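Contents: one structure, followed by commentary.
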Amino acid sequence: MATGAKQENWRDLIAERLRDRNRNETSRYADIIAYNNRLFDAAAKLRQENLELKIDKKIRDSSGGTAGADLATITNAQIQALEKKILAQQEELTDLHKRKGDHSQMVITLNQKLSELQRTLTEKEKALAEQRAINITITDELEELKTLHVTIKDESLASQLRANAAEDKLRTVQDEYNKVLASLMECKSRLADSMNKENDKFFKEKKARIESELERAIRDIPGPSSLGGIGSEIDRLDFGSDGPPEGIEFKFDAHDGEVNAVRWSPVERVVATGGADRKVKLWDVGKGACEPRGILVGSNQGINSVEFDSTGSSILAASNDFACRVWSVADQRLRHTLTGHSGKVLAAKFLGATLVVTGSHDRTLKIWDLKNRSCTETKFAGSSCNDLVTTDSFSIISGHFDKKIRFWDTRTADCTANDIPMQGKITSLDLSKDGKFLLCSVRDDTINLLDLRQNKIVRTFRHDLYKVGCDWARAAFNTSCQRIAAGAADGSVYIWNVNGPLETVLKDPNGSGASVTAVSWHPFSSVLASVDRAKKCTIWSNA
C-alpha cells in the first residue's frame, strides 16, 4: 500500500508540474492578446469614424458655396490625416496579425512537445512498472537460490564426509590388497623356482640319457665319428634335447572371430590368446585338455598382441582402438589403460618392471610409466611399427612397414644410426634368450636370423611352400633357441633348426586351411601353440 501511494503521489506531482509550466508559458502572451484585442476595437472605431466623415463630405459637397469650399479644404486635410492614421493602424494591425500567427505556431509547437513529453512519461512509467515486476521476480529467484545454495552446501558437506570415509576404507582395502598381492607374488616366485628346478632336473636327466645313448651308438659305429660342429656362435648355443613337435595334442575354438595373438605364461601351463572379438582369453592346458581360465575385457576393438610380464602376474595387450591395456592375471581385473596413439597399436612389450613400450600404425613408439599411468616419451619412427622387442631396460628394436629394423635407446631421443634394411615389410621380431640373435619375419616369405653383435643377417630360412599369411604373422624362437617356428598362409606351421634345415611341417589334416597368424613355444618344453584366422588355437607336442 505504501508503495502504491508513493507511486500515485509521484505521478500527481509530475502532472501538477506540467500544468504549472503550461500556465507559465501561456501567461507570457496574455498582454499581447489583450493589446491585440484593443487594436481590433480601435480599428473598428476608426472605420466607423471614417464612414461618418465620408457621409459628412458628401453632404457638404451637395450644399456647395464658398464656405463649403473652405470647409472642404479643412475636411480634406483632416481626411488625409485620418487616412494616414488609418494606414498606420492597418500596418500595425498587420504586424499584430503576423505576431499573432507566430504566437499561435509557438503554442502549437509547445502543445506538441507537451504531448511528446506526456507520451514519454507514459512509456517510462510502463517501463518502470515492468522493471519493478522484474525486480520482484529476481528477488524471489534470489531468495530461492539462497535456499538452494544452503541446501547444496549441506549436501556437499555430507558428501565430503562420505568421501573421506570411503577414502579411508579404500586405503584399508588397498593395504590389504597389497599384502595379499605380495603374498601371491611370493608364492608364484616360489612356484616358479620350483618349476624351474624341476625342469632343469628333467632336462639334465634327459640330456644325460641322450648323451649316454649317443655315446653307446658312437661306440657301435666303426671308424672315426663324422660328428662335428659348424664352428659358428650359433652352433654353440644351448639347444636342449627335446625333439620338435610331431602332432596335435588338442585343438579348440578360442574366440568368436580371428585369433591374432598367442603367448604362454612364463610360470604355469596357461596360454593367453587375443582375438578380433576384443577379448583376451586365458586357457589352462596343463591337463591334456583345454579349460577356460578367464576372459579379460575392456578393449573396444580387436586385440593385436599379448604379452606376459616376467613373473606371469600381469598381461599386456595391444588393440586396434589406439590403446593398450594391462590386466592382473590373478583377479583378471583391468589395471591400466594407456591411450595416446592416433592409430591402431600393433605391438606392446614390457620394458623392465614398471615401463611399457608400444608401437603403432601412427608411425610412433611410446614409452609409458605404469606407476604414473602416463606417456614419458614419444619416438618418431617415420613408418608404421608392426612389431618390437626389448633387449634390456634401455634398448628397443622395432620392425617397420618401410622394410627397416630400427634400434632405439631410451636415454636418447632419436634412433641409432645402424638401421638394418630388409627385402620386404617386417611382420614380426623375436629375440633369443641371451639377447645376441634376432629373428625377423619378412613379407617376402622369408625368415631371417640376425647377429646383433655384427648387425647383419647370418641365416635366411625359406621354403617353396612357405608363404607369410598376413602383415602381423608372428614367428618365434623356442626356449633353447635351437628351433624357430612360423605359421604359413595355408594353415601349416613350419619348424626350422637354427642351423638351417627344415625339420618338420605341422599340418592338421582336418583343418580349414586358414592362415596361421601367431605361434608361441612353451617356456620349459617343446610344446608349441598356434592360432589362426579360423577362430582356432592348436597345441602341438611330440608326446
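Throughout, read-outs are computed from the coordinates displayed, never taken from laboratory work. Fair warning: this is a prediction, and the values are worked out from it, not measured in the lab. Glycine also receives a Cβ, built like all others from the backbone with ideal geometry; neighbour counts cover every protein chain displayed.
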Study note, to complete from the structure: Residues meeting the amide H criterion for Phe461 (H placed from the backbone, H to H distance under 5 Å, 5 or more places apart or on another chain) are Ile447, Asn448, Leu449
Point to revise | Longest exposed-site-free window of the chain, the sites being GluC sites (Glu not before Pro) in a DSSP loop that have at most 14 other C-beta atoms within 10 Å | key: 247-543
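Find the Rg to Rh ratio for region 286-371, where Rh is the Kirkwood radius over alpha-carbon pairs and Rg uses the same atoms. Can you show the working numbers first?
On the way: Rg = 13.2 Å, Rh = 13.3 Å.
The Rg/Rh ratio comes out at 0.99.
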Review point. Where Rh denotes the Kirkwood radius from the mean inverse Cα pair distance, what is Rg over Rh for region 250-541?
Key: 0.93
Check your understanding: Size of the dipole of region 250-541 about the Cα centre, Lys and Arg at +1 and Asp and Glu at -1 on the beta carbon, nothing else charged, in debye to 20?
Key -> 180
Review point. Which value at 222 nm does the chain reach when only helices count, each DSSP H run of 4 or more adding -39,500 (n - 2.57), with the total divided by all residues and rounded to the nearest 500 deg cm²/dmol?
Key: -15000 deg cm²/dmol
Review point. Nearest 10 degrees, 0 to 90: what angle lies between the long axis of helix 66-220 and the longest principal axis of the chain (Cα atoms)?
Key: 10
Exercise for review: Would you mind checking the tilt of helix 2-27 against the longest principal axis of the Cα atoms of the chain, expressed as 0 to 90 degrees and rounded to 10?
Suggested key: 40
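Average the reciprocal distances over every distinct pair of alpha-carbons in the chain, invert the result, and give the Kirkwood radius in Å. Intermediate results must be reported in sequence, preceding the final value.
Working: mean 1/r = 0.0307 Å⁻¹.
Radius from the Kirkwood sum: 32.6 Å.
Compute the length gained on full extension between Gln78 and Ala158: take 0.36 nm times their separation in residues and subtract their Cα-Cα distance, giving the result in nm to one decimal. It would help to have the intermediate numbers written out before the result.
Working: separation 80, 0.36 × 80 = 28.80 nm, distance 11.63 nm.
Between Gln78 and Ala158, full extension yields an extra 17.2 nm.
Is the shape of region 406-509 best called rounded, prolate or oblate, per the rule: a/c under 1.5 gives rounded, else a/b larger than b/c gives prolate, else oblate, with a ≥ b ≥ c the square roots of the Cα gyration tensor eigenvalues?
Working: a/c = 2.19, a/b = 1.68, b/c = 1.31.
Because a/c hits 1.5 or more and a/b exceeds b/c, region 406-509 counts as prolate.
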Revision key, fill the gap. Per the charge dipole of the chain (beta-carbon charges, Lys/Arg positive, Asp/Glu negative, Cα centre), the residue among Val527, Ile426, Ala289 reaching farthest to the positive end is Ile426
